[in-house]
Amino acid sequence: MHHDFYLAWRYLSHHRTRTLILVACLSLLAILPLALHCLLAEGENHMIARAQSTPLLLGTRGSALDLTLNALYFNTTNPTPITMYEAERIGQTGWADPLPIYVRFRVRGQPLVGVTLDYFDFRHLVPAQGAMLAMLGECVLGADAANHLGLKPGDSLPTTPENLFDLSGVYPLKLHVVGVLAKAHTSDDQAVFIDLQTAWVIEGLGHGHAGDKPITQVSGLAFGQADSSLASAGKLITYTEITPENMDTFHFHGDPSSYPISAVIALPRDRKSATLLKGRYVDNEASVQLIQPLETTSSLLDTIFKVGILFDGVLLLVGSATLLALGLVFALSLRLRQRELQTIFLLGCSRAKVLRLVTAEIMLIGLASAMVCLILAVPVQNYAGDFVRYFVMP
Amino acid sequence: MSIKFTDSCSFPCSSSQYMLFLVWLMLSFLPAWAGVTESHPLKVIATNYPLAYFAERIGGNRVSVTLPAPADEDPAFWKPSATAVGDMQKADLILLNGADFEKWLPQVTLSKLKLADTSAGFKTAFIRIENAITHSHGPGGLHSHEGIAFTTWLDFDQAGQQAAAVALAMSRKRPEWTSVLTDNLKPLLDDLAALDRQMKELTATKPGLPLLGSHPVYQYLARRYGLNLQSVHWEPNEMPAPEEWEGLRKILATHPAKWMIWEAQPSDAIVAKLKELGVGSLVFDPCANRPESGDFLDVMGKNLENLKDAYR
């Protein structure tokens, strides 16, 4: 038997180009569906990881998808705000820790996200440059937001008015950039983070006073150039800046429980607490809903990743065609080798022996392809996650 | 334990010696293993001394309590710098007095999950101050007492509730300590209840006795123990202006008080001038900052003794 494999090996070595092409074809045919499935699975995992790490989400009753996209991915869809009372209510149950989040404003296209300091601990976000939020009016930038805005710690970032034609609206707030977060490969990279209280100042719920007047300054070509006559003439947009000098005058009016937030991430202490908490929000008449972002995101991804089935179908067709082509190549090569096979026969080898020789060749090619597949499968498995993180969904 | 080594080998050779060696080895490592499982001390920040005292009494050496306000500053008017905020962010638990004591709270970024408002349980009992005068003294600069009266702990029943809130907050952070914390809380509550009882007994001897307060910080004390108190805005080390003396005379015309309660010992000149008006001076230290000597109970005990002068 090993003589058959020896002769087959010698034959394949002699026609090494043809052999290499055959091995490459078979290897690619086997590894492509595997690699594609790996990448799709990693992509799905990557997208679902954020939802998976967010056990429960409380927000206004309505579309669970809008709520999830807004609170987890800072989508532009703004669900109706809820109040801080809802976060306090969750905290008072003792079953879960509430993380209120307010996503309403945008700064030069980047989402401006109002959070408490606990959010950074929860998402494992740490500053790569500068420091964490400490005082009112400060912001930290996600890694991509910092690149996009071209800002670094020490710079200023004025918020964008919601409506330029709303003369009675609140003035933009000049935010102080105190830190840039390390890259997290999530939607946090795109965001500009501020404290919830700063978000409420932007909202107009908190303000400072200089004497009897609210603190606003006039922006000329650059911040710091002020001319009250221009401001009074209504020719230039004014802005608010929180400085160490006026910080003490900043205060809020009304009950903080009534201040707006867009959602509350609830972190239950255990499974039982999660169940008890969910039980509190089963009332269909309530103005808020408690959802599991994983369920919402999974159903969305199920729809999106149906494309995977299409890929499988296409690969099956291409694979079948390639296998047929390979069969044809073998049949044609046997015809080309007719004289060679006839010589072997004349030398005294039986037809069965010839068949064994050809089978040994096919087996050796198959074995080589399997080995190439195995070698390629290791990096595909190991680096699919990084590939998706850096190139597919950066 | 000594281990006998033979001449031929430097290791215990017989099986019994080998077993003894193993036991010794395990016992040697036991403290280290115990150390691994022991949780680190709970880093607690208290915004005033009464809360720091409660935390120290309840937590014992399990907690490391810090009072961030400098010793020479009234914690009620202290404002944290960015560095102080950074230090607070590193704490495991931040004990707040509430009742508007921490006026700087809306201006800083702190972890909400680390904050414990110790007066939240009696929010509805807060005393609101209207039309307060803005004045200046000490490093805190210009300030006003408008808003909510914040010396909640001078009502010793409320102080007990705050102590219980401190214990609850600490046990939420370290559930495994709950029984120890509860055991430590009980004697503290007993001490506060004893103070409360003594205050009630003392003030019951002369109900409605007119008294003066040098500063509007005794609202809860007055309410709990039925003090007939009217306050001015005087500082112990600053001689009041003539118009303020005139104001006092007007008060005395309708409120014939014989004693003025001070936060700290007033200057001799003020004491003498008050004496001319027939008003004695006694100290009832709210003890918002760490005292130079003694602890919260010592200071409150001394306050009680001082107050006895007025009720004698």
Over the stretch B:259-312, the set of residues over 24 Å from B:Thr205 (Cβ atoms), within 16 Å of the chain's Cα centre (by Cα) and among the small types (Gly, Ala, Ser) is B:Ala288, B:Ser293, B:Gly294
The correct count of residues that are open to solvent by 10 Å² or more (accessible area, probe 1.4 Å) and over 19 Å from B:Arg197 (Cβ atoms) in the stretch B:148-166 is 3
Here the residues within the stretch B:225-253 that are farther than 13 Å from B:Ser214 by Cα, touching a strand residue (DSSP E or B) at 6+ places or on another chain (Cβ under 9 Å) and not aliphatic (A, V, I, L, M) are B:Asn228
Being open to solvent by 60 Å² or more (accessible area, probe 1.4 Å) and in contact with a Lys or Arg (Cβ under 8 Å, 6 or more places away or on another chain) narrows A:Thr80, A:Thr76, A:Thr116 down to just A:Thr76
The residue that is least open to solvent (accessible area, probe 1.4 Å), considering only those in the stretch A:245-260 that are within 23 Å of A:Phe74 (Cα to Cα) and more than 12 Å from every other protein chain (Cβ to nearest Cβ), is A:Pro260
Kindly evaluate B:Leu212 against the criterion of being in a helix (DSSP H, G or I) and surrounded by 14 or more Cβ atoms within 10 Å (Cβ to Cβ). no
Taking the stretch A:54-73 and the residues there that are open to solvent by 20 Å² or more (accessible area, probe 1.4 Å) and in contact (Cβ under 8 Å) with a residue 40 or more places away in the chain, the one that is farthest from A:Leu276 (Cα to Cα) would be A:Tyr73
Sole miss for A:Asp302 among (1) open to solvent by 60 Å² or more (accessible area, probe 1.4 Å); (2) farther than 30 Å from A:Pro268 by Cα is condition (2)
In the stretch B:86-99, anything within 11 Å of chain A (Cβ to nearest Cβ), open to solvent by 10 Å² or more (accessible area, probe 1.4 Å) and touching a residue at least 24 places away in the same chain (Cβ under 8 Å) is listed as B:Asp87, B:Lys90
(message) Take the conditions assigned to a strand (DSSP E or B), charged (D, E, K, R), modelled with pLDDT of 90 or more and open to solvent by 50 Å² or more (accessible area, probe 1.4 Å) and apply them to B:Lys43. Does it pass?
(response) yes
Does the stretch A:81-91 include one or more residues that are at the interface with chain B (Cβ under 10 Å from one of its Cβ atoms) and either hydroxyl-bearing (Ser, Thr, Tyr) or without any contact (Cβ under 8 Å) to a residue 12 or more places away in the chain (or both)?
-> yes
Selection from the stretch B:107-124 of residues more than 7 Å from every other protein chain (Cβ to nearest Cβ) and either of a type in the set (Lys, Arg) or open to solvent by 30 Å² or more (accessible area, probe 1.4 Å) (or both) yields B:Lys114, B:Leu115, B:Asp117, B:Ala120, B:Gly121, B:Lys123, B:Thr124
Inside the stretch A:125-159, the number of residues satisfying the requirement of being more than 14 Å from every other protein chain (Cβ to nearest Cβ) and either part of a loop (DSSP other than H, G, I, E, B) or surrounded by 17 or more Cβ atoms within 10 Å (Cβ to Cβ) (or both) is 15
In the set A:Leu65, A:Leu32, A:Leu58, A:Leu28, the lone residue that is outside any helix (DSSP H, G or I) and of a type in the set (A, V, I, L, M, F, W, C) is A:Leu58
Exercise. With the condition kept exactly as written, say whether any residue in the stretch B:251-269 is in contact with a helix residue (DSSP H, G or I) (Cβ under 7 Å, 6 or more places away or on another chain) and of a type in the set (Ser, Thr, Tyr).
Key: no
Q.
Residues that are surrounded by 17 or more Cβ atoms within 10 Å (Cβ to Cβ), farther than 20 Å from B:Met300 by Cβ and more than 14 Å from chain A (Cβ to nearest Cβ): does the stretch B:63-70 have at least one?
A. yes
Residue pairs qualifying under the 6 Å Cβ cut-off, at least six apart or on distinct chains, with the first in the stretch A:25-49 being touching a residue at least 60 places away in the same chain (Cβ under 8 Å) and the second being among the hydroxyl-bearing types (Ser, Thr, Tyr), are A:Leu26/A:Ser369; A:Ser27/A:Ser369; A:Leu29/A:Thr322; A:Ile48/A:Thr297
Contact list, first residue from the stretch A:367-379 and open to solvent by 40 Å² or more (accessible area, probe 1.4 Å), second anywhere and assigned to a helix (DSSP H, G or I), beta-carbon distance below 6 Å, six or more apart or interchain, is A:Val372/A:Ser27; A:Leu376/A:Ile31
Review point. Is it true that A:Phe105 is assigned to a helix (DSSP H, G or I) and either closer than 26 Å to A:Thr160 by Cβ or under 20 Å from the mean Cα position of the chain (by Cα) (or both)?
Key: no
Counting only residues in the stretch A:97-124 that are among the aliphatic types (A, V, I, L, M), out of contact with any Pro (no Cβ under 9 Å at 6 or more places or on another chain) and closer than 17 Å to A:Thr80 by Cα, the one nearest to the other protein chains (Cβ to nearest Cβ) is identified as A:Ile101
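The values are calculated or read from the model by the stated rules, or taken from the named source; none is laboratory data. Quantities reported herein were computed from a predicted structural model and do not represent experimental measurements. Methodologically, a virtual Cβ is constructed for each residue, glycine included, from the backbone with ideal geometry; neighbour enumeration extends over all protein chains shown. The accessibility values were calculated without ligands, DNA or RNA, using every heavy atom of the protein model including side chains. Shrake-Rupley method; radii C 1.70, N 1.55, O 1.52, S 1.80 Å.
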